[in-house]
Amino acid sequence: MKIILLGPPGAGKGTQAKRLAQRLNIPHVSTGDLLRSNVKNGTSLGSKAKSFMEKGLLVPDNLVAEMLNQRLSEKAVMKDFILDGYPRNLSQAKALDQVLEERKTEADIVVYLDTSVPIIIQRLTGRLVCGKCGLNFHATNMPPKKTGICDACQGELYQRSDDKEETVRKRLDVYEQETSSLIKYYADKKKLHHISADEDASVVLNKIIELAQNCNDTLKV
Ligand code: AMP
């Protein structure tokens, strides 16, 4: 099953993708996570991508495409994936279609997580991420049991440098200018499903699973 999660930054794509990946036993592919890991490990891609990410801008398509295609070529990811953070513009969407077409396959569903600007700002500026396992928390909506420490692996929690309010607003502008056109692109292909992402994360997760099951009744949950 191939699922694409679309939506503005802060809609909960990462949180939902991680939970879905666990529930459905499908690989989670996040271009944001892949880029952050390149930055952390000081790779040449990471050093090229870093300044774009810190400013809330998109990393150039050619840099992201190579990294993504490598991940999509892994055996487990050839068959099933939950794509989070890609595509981010029309040319990425077309490039992805081409890769899938060459493999004689296509995305099964595109889920658009719909939310509003005040909720996005509140979510992102309070977001805390585990430096070890990547689990997300929130300073007030979903605080960890122990301040600054991950409930799951005891790793240290940090705030992403692009989650500062000024950068969040820039990311939202970039989303409007570049990514929002994908809603029409996938709606025209009759693949798009809207889900309100303002509800509790577990409610949103169940709605996505229901959609996925409607599209593939052999899906094991
Ligand atoms: P995310 O974790 O998806 O919010 O992504 C964090 C940052 O990584 C974005 O603000 C971009 O700078 C960069 N990024 C992630 N995915 C892409 C992509 N598909 N194309 C370009 N830049 C990306």
Among the residues of region 143-161, write down those that are in a strand (DSSP E or B) and closer than 21 Å to THR125 by Cβ. ILE149, GLU156, LEU157, TYR158
Of the conditions (1) part of a helix (DSSP H, G or I); (2) more than 27 Å from TYR158 (Cα to Cα), ARG19 satisfies every one except a single condition; which number is it? (2)
Say whether the condition of being free of Cβ contacts under 8 Å to residues at least 12 places away in the same chain and within 8 Å of the ligand (Cβ to nearest atom) is met by at least one residue in region 44-53. yes
Out of all the residues in region 74-89, is one or more over 26 Å from GLN22 (Cβ atoms), at pLDDT 95 or above and near the ligand (Cβ under 10 Å from one of its atoms)? yes
Checked region 54-64 for anything within 9 Å of the ligand (Cβ to nearest atom) and either under 16 Å from ASN89 (Cα atoms) or under 16 Å from the mean Cα position of the chain (by Cα) (or both); matches are GLY56, LEU57, LEU58, VAL59, PRO60, ASP61, LEU63, VAL64
Would you point out the residue of region 59-103, among those that are among the small types (Gly, Ala, Ser) and not in a helix (DSSP H, G or I), that is farthest from LYS190 (Cα to Cα)? SER73
Per the filter on region 95-114, residues open to solvent by 30 Å² or more (accessible area, probe 1.4 Å) and either within 13 Å of the ligand (Cβ to nearest atom) or in contact (Cβ under 8 Å) with a residue 60 or more places away in the chain (or both) are ALA95, THR105, GLU106, ASP108, ASP114
What's the number of the condition ALA187 fails, among (1) at pLDDT 95 or above; (2) in contact with a strand residue (DSSP E or B) (Cβ under 7 Å, 6 or more places away or on another chain); (3) surrounded by fewer than 18 Cβ atoms within 10 Å (Cβ to Cβ)? (2)
For region 190-206, give me each residue that is of a type in the set (Ser, Thr, Tyr) and either assigned to a helix (DSSP H, G or I) or open to solvent by 60 Å² or more (accessible area, probe 1.4 Å) (or both). SER202
Contact list please: Cβ distance under 8 Å, first residue in region 58-75 and in contact (Cβ under 8 Å) with a residue 40 or more places away in the chain and over 24 Å from GLN177 (Cβ atoms), second residue open to solvent by 30 Å² or more (accessible area, probe 1.4 Å) and part of a helix (DSSP H, G or I), pairs at least six apart or on different chains. ARG71/LEU34; LEU72/MET78
Are any residues in region 118-152 touching a residue at least 60 places away in the same chain (Cβ under 8 Å) and open to solvent by 60 Å² or more (accessible area, probe 1.4 Å), and if so, which ones? LEU135
Could you count how many residues in region 22-43 are more than 11 Å from the ligand (Cβ to nearest atom) and part of a strand (DSSP E or B)? 1
Across region 153-184, what is the total count of residues that are away from the ligand (no atom under 11 Å from the Cβ), open to solvent by 40 Å² or more (accessible area, probe 1.4 Å) and farther than 26 Å from LEU96 by Cβ? 8
Can GLU106 be described as of a type outside the set (A, V, I, L, M, F, W, C), outside any loop (DSSP other than H, G, I, E, B) and under 21 Å from LEU5 (Cα atoms)? no
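The values are calculated or read from the model by the stated rules, or taken from the named source; none is laboratory data. Keep in mind that this is a model prediction, so the values were computed, not measured. Positions of Cβ are backbone-derived with ideal geometry, glycine not excepted, and every protein chain shown enters the neighbour counts. Accessible surface areas use protein heavy atoms only, side chains included; no ligands, DNA or RNA. Shrake-Rupley method; radii C 1.70, N 1.55, O 1.52, S 1.80 Å.
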